[in-house]
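Accompanying notes for the structure given below.
The values are calculated or read from the model by the stated rules, or taken from the named source; none is laboratory data. Here the structure is a predicted model, which means the values were calculated and not measured. Neighbour counts run over all protein chains shown; Cβ positions are idealised from the backbone, glycine included.
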Amino acid sequence: MKILIKNGRVIDPVSGRDERADVAIAGGRILTIGVVSPDFQPNRVIDAAGCVVAPGLVDLAARLREPGHEHEGMLESELNAAAAGGVTSLVCPPDTDPALDEPGLVDMLKFRARKLSLCRLFPLGALTRGLAGETLTEMAELTESGCVGFSQAEVPVKDTLVLMRALQYAATFGYTVWLRPQDGWLGQGVAASGAVATRLGLSGVPVAAETIALQTIIELVRITGARVHLCRLSSAAGVALLRAAKAEGLALTADVSINSLHLTDVDIGFFNPAMRLTPPLRQGADRDALRAALADGTLDALCSDHTPVDADAKNLPFGEAEPGATGLELLLSLALKWGADSGLGLPATLARITSAPVAVLGDALGSLQSSAGRLVEGGVADVCVFDPEATWVVKPGVLKSQGKHTPFAFDATGTALPGAVRATVVAGNVAYTAAA
Amino acid sequence: MLMKRNPQLNAHGELIHLLSIEGLPRAVLTHILDTAGTFLSVNDREVKKVPLLRGKSVFNLFFENSTRTRTTFEIAAKRLSADVINLDIAKSSASKGESLLDTIANLSAMHADMFVVRHSESGAPYLIAQHCAPHVHVVNAGDGRHAHPTQGLLDMYTIRHFKKDFTSLSVAIVGDIVHSRVARSDIHALTTLGVPDIRAVGPKTLVPGDLKHMGVRVCHSMEEGIRGADVIIMLRLQNERMSGAMLPSAGEFFKNYGLTDDKLALAKPDAIVMHPGPINRGVEIDSTVADGSHSVILPQVTFGIAVRMAVMSIIAGNDA
């Protein structure tokens, strides 16, 4: 397939390229950026006039719900959602049922995703068998199957000795361990501790649930030399610990979710179950610290934390509602909104959802490492074409994801979101084009 | 974010559900208390009935067990001439796996006019109010730790009955406040009605510092907490909190925070002692206090029926 993307504003966050140019794609690679030879005979022309031509988005946390939760999401629906959101690579956590603790499960996921060719899929293997926090998984085997790291998803390892052993073992082979810092005991509430939870009578998750876990992880990283990616920080105090640990030179990276970047516990309103999320939404000062930390690079990347939840699991009293929200189709818009609010230019904004997450993945990406999240001649042709001036309204009917619940639904916010994806190219194939 | 209208009020600011006292204007609370006053005499008549809810069906939906509250709602509805249907959901649909909203849809199809809901999860009555037919009214009879608004209102009725004016009072609420929906409703009602000094009294495990966000003074010493108080509201200590990580023992709690005649002497000479019941004698309150001259625990129960009659008749008269 030969594709010509014409007349767009091409942005590559790494080289700083930001210019009007054409992009020629052939054989899954970017052939030319700039003036394309008249000899190039495309099968498909995408007119990108008025649009930005950016690297395809890389999402560090998206649940596809297979296997085990097919009623909430299927590979096909969720990868279609990814393509519609301009996401060309995504990392899925291992909290499927069964958990991704065996190479066969990972092989199957990778195989089926490849057949759909809508988005590149990078699974995280379970750090411990069944995520039970007791026995290590066969990390080398899982890596061979395509796992890019190891994670406990939402299940903290309560036993510190097991956590240390897991980090030691992973460090031996240079595997990255992905941990969401949350103390297993203090983290049992349903909303962030504070005025809102107190008022509504919801059990609270104190900031200490995050900082205690972070202190433990940081200390174990010092001892073991393991590489750890911290998933979805939620608090100002957590950001401060991360900043100090990075200044010390520890091998840590971190991300934040679109939800924590834009919302606070006040948005829970009258027990709106769409706001039931993990980590829980915290206070304004926390949100502001997260936004600043993403801008200054303390937090490396922004992720969707995409979690399709079905209506039966969501339409329940707040504390009983299943945590999570759909996010793949909102990632770009919410990054643009944050970037505009923060006074960042488009290249810097896009870096948080393209090149920076690729840097987090590092050599786990293999040959993709050098060009994913970028737009370079000779590099992989993963491209997102979007109209930065367009706005759209989040309504359940417009989402491709099987998960329809989002805190950003128009009914709740009354506002439209900026930026609309026009086309998505994955490995040189058109995975999505917006209806005209 | 768009802030939605308080779901308890219609576009004219009239009460259509009673879900929480929080956010209700003072005039609405006063109207309920005044209306309750007019119903008090009904309870003294030979025929204890008025026809305000004749032909209406009130469903008591108790997802959590309760005898006392359900009974008072049943009496209140019957004195308003409503047909009352008691559903012990804890033992029926929920245990068969029916979802909360399916249960509500089914009962709505039976042409219910009012749901009186008790549920163990904070906020459950909001979900029900949002999903039931527009003509159905919802009364929260206690949800999780969140709210027990009719208890809060009957407490206000009791305080007003004995103290007349709210704006010069010191009120102490003592005990397990963090887990108490009664305490939250009392605090919202007291702040709305203009009580200047509200104290939350108990150990840090039951009275965390976060409570100051609700407009109360947090006191960890019983002596400091009840000194000079006009009203002392003792809360029930649930059995499951009496030993474990919250408290070492009921005995130690009583020693520090139990209300005895000695401690009561620190309050104003004409202080009243309240309790939402059922009381644990010798755990949060000494028998001599519970049965003594300062205790208004039994009048609270009587006022409770009139207050529930007032709430049901008011919301039934307002359209969504």
Original post:
Considering the stretch A:177-215 alone, what residues qualify as being of a type in the set (S, T, N, Q), surrounded by fewer than 23 Cβ atoms within 10 Å (Cβ to Cβ) and over 19 Å from B:SER122 (Cβ atoms)?
Top reply: A:THR211, A:GLN215
Subject >> Selected residue [away from chain B (no Cβ under 14 Å), more than 30 Å from A:LEU121 (Cα to Cα) and either charged (D, E, K, R) or in contact (Cβ under 8 Å) with a residue 40 or more places away in the chain (or both)] from A:THR176, A:THR160 >> reply: A:THR160
**OP:** Mind listing whichever residues of the stretch A:230-266 are surrounded by fewer than 20 Cβ atoms within 10 Å (Cβ to Cβ) and either within 14 Å of chain B (Cβ to nearest Cβ) or among the basic types (Lys, Arg) (or both)?
**Re:** A:ARG243, A:LYS246, A:VAL266
Subject >> Complete set of residues in the stretch B:264-282 that are out of contact with any strand residue (DSSP E or B) (no Cβ under 9 Å at 6 or more places or on another chain) and not in a loop (DSSP other than H, G, I, E, B) >> reply: B:ARG281
Original post:
So, in the stretch B:7-24, of the ones that are part of a loop (DSSP other than H, G, I, E, B) and of a type in the set (A, V, I, L, M, F, W, C), which residue ends up surrounded by the fewest Cβ atoms within 10 Å (Cβ to Cβ)?
Top reply: B:ALA11
**OP:** Of the numbered conditions (1) farther than 30 Å from B:ARG79 by Cα; (2) free of Cβ contacts under 8 Å to residues at least 40 places away in the same chain; (3) exposed (fewer than 14 other Cβ atoms within 10 Å of the Cβ), B:LEU264 fails exactly one; give the number of that condition.
**Re:** (3)
Original post:
Does the stretch B:108-139 hold any residues that are within 14 Å of another protein chain (Cβ to nearest Cβ), surrounded by 24 or more Cβ atoms within 10 Å (Cβ to Cβ) and within 15 Å of B:ILE89 (Cβ to Cβ), and which are they?
Top reply: B:VAL117, B:ARG118, B:HIS119, B:GLU121, B:ALA124, B:PRO125, B:LEU127, B:ILE128, B:VAL138
**OP:** Note down all Cβ pairs under 6 Å where the first residue falls in the stretch B:53-80 and is closer than 14 Å to B:GLY142 by Cα, the second is of a type in the set (Phe, Trp, Tyr) and assigned to a strand (DSSP E or B), and they're at least six residues apart or on different chains.
**Re:** B:LEU61/B:PHE115; B:ARG70/B:PHE62
Original post:
Does the stretch A:8-55 hold any residues that are of a type in the set (Gly, Ala, Ser), touching a helix residue (DSSP H, G or I) at 6+ places or on another chain (Cβ under 8 Å) and under 22 Å from A:VAL87 (Cβ atoms), and which are they?
Top reply: A:ALA54
Original post:
Within the group A:VAL52, A:VAL45, which residue is at pLDDT 95 or above, under 29 Å from A:VAL360 (Cα atoms) and over 18 Å from the mean Cα position of the chain (by Cα)?
Top reply: A:VAL52
Original post:
Say we look at the stretch A:285-319 and pick out the residues that are hydrophobic (A, V, I, L, M, F, W, C) and within 11 Å of another protein chain (Cβ to nearest Cβ); which of these is nearest to B:HIS131 (Cα to Cα)?
Top reply: A:LEU316
Original post:
Counting only residues that are surrounded by fewer than 24 Cβ atoms within 10 Å (Cβ to Cβ) and either hydroxyl-bearing (Ser, Thr, Tyr) or closer than 23 Å to B:SER249 by Cβ (or both), how many does the stretch B:183-203 have?
Top reply: 3
Original post:
Considering only strands (runs of 3 or more DSSP E) fully contained in the stretch A:40-117, which possess at least 1 residues that are within 16 Å of A:GLY149 (Cβ to Cβ)?
Top reply: A:57-59, A:87-92
Original post:
Taking B:VAL50, is it part of a strand (DSSP E or B), farther than 16 Å from B:GLY142 by Cβ and touching a residue at least 24 places away in the same chain (Cβ under 8 Å)?
Top reply: no
Original post:
Is it true that some residue in the stretch B:73-80 is outside any helix (DSSP H, G or I) and out of contact with any Phe, Trp or Tyr (no Cβ under 9 Å at 6 or more places or on another chain)?
Top reply: no
Original post:
With respect to A:LEU281, is the statement that it is at pLDDT 95 or above and in a helix (DSSP H, G or I) true?
Top reply: no
Original post:
Would a scan of the stretch B:154-169 turn up a residue that is within 14 Å of another protein chain (Cβ to nearest Cβ) and either β-branched (Val, Ile, Thr) or part of a helix (DSSP H, G or I) (or both)?
Top reply: no
Subject >> Filter result (surrounded by 19 or more Cβ atoms within 10 Å (Cβ to Cβ), touching a Leu at 6+ places or on another chain (Cβ under 9 Å) and part of a helix (DSSP H, G or I)) within the stretch B:283-302 >> reply: B:VAL289, B:ALA290, B:GLN300
**OP:** From A:ARG276, A:ARG282, grab the single residue that is within 14 Å of chain B (Cβ to nearest Cβ), crowded, with 24+ Cβ neighbours inside 10 Å, basic (Lys, Arg) and touching a strand residue (DSSP E or B) at 6+ places or on another chain (Cβ under 6 Å).
**Re:** A:ARG282
**OP:** Collect the residues in the stretch B:1-51 that are hydroxyl-bearing (Ser, Thr, Tyr) and more than 14 Å from chain A (Cβ to nearest Cβ), keeping them in residue-number order.
**Re:** B:THR30, B:THR35, B:THR38, B:SER41
**OP:** Within the stretch A:366-397, count every residue that is of a type in the set (A, V, I, L, M) and touching a helix residue (DSSP H, G or I) at 6+ places or on another chain (Cβ under 9 Å).
**Re:** 6
Original post:
Only one residue in B:ILE75, B:ILE21, B:ILE16 is touching a Ser or Thr at 6+ places or on another chain (Cβ under 9 Å) and closer than 17 Å to B:VAL307 by Cα, so which one is that?
Top reply: B:ILE21
**OP:** Take the stretch A:188-202 and flag every residue that is at pLDDT 95 or above and more than 9 Å from every other protein chain (Cβ to nearest Cβ).
**Re:** A:GLY189, A:ALA191, A:ALA192
**OP:** State whether the residues of the stretch B:248-260 include one that is under 22 Å from B:LEU154 (Cβ atoms) and either part of a strand (DSSP E or B) or within 22 Å of the chain's Cα centre (by Cα) (or both).
**Re:** yes
Original post:
Pick from B:ALA77, B:ALA27: which is crowded, with 22+ Cβ neighbours inside 10 Å, over 15 Å from the mean Cα position of the chain (by Cα) and at pLDDT 95 or above?
Top reply: B:ALA77
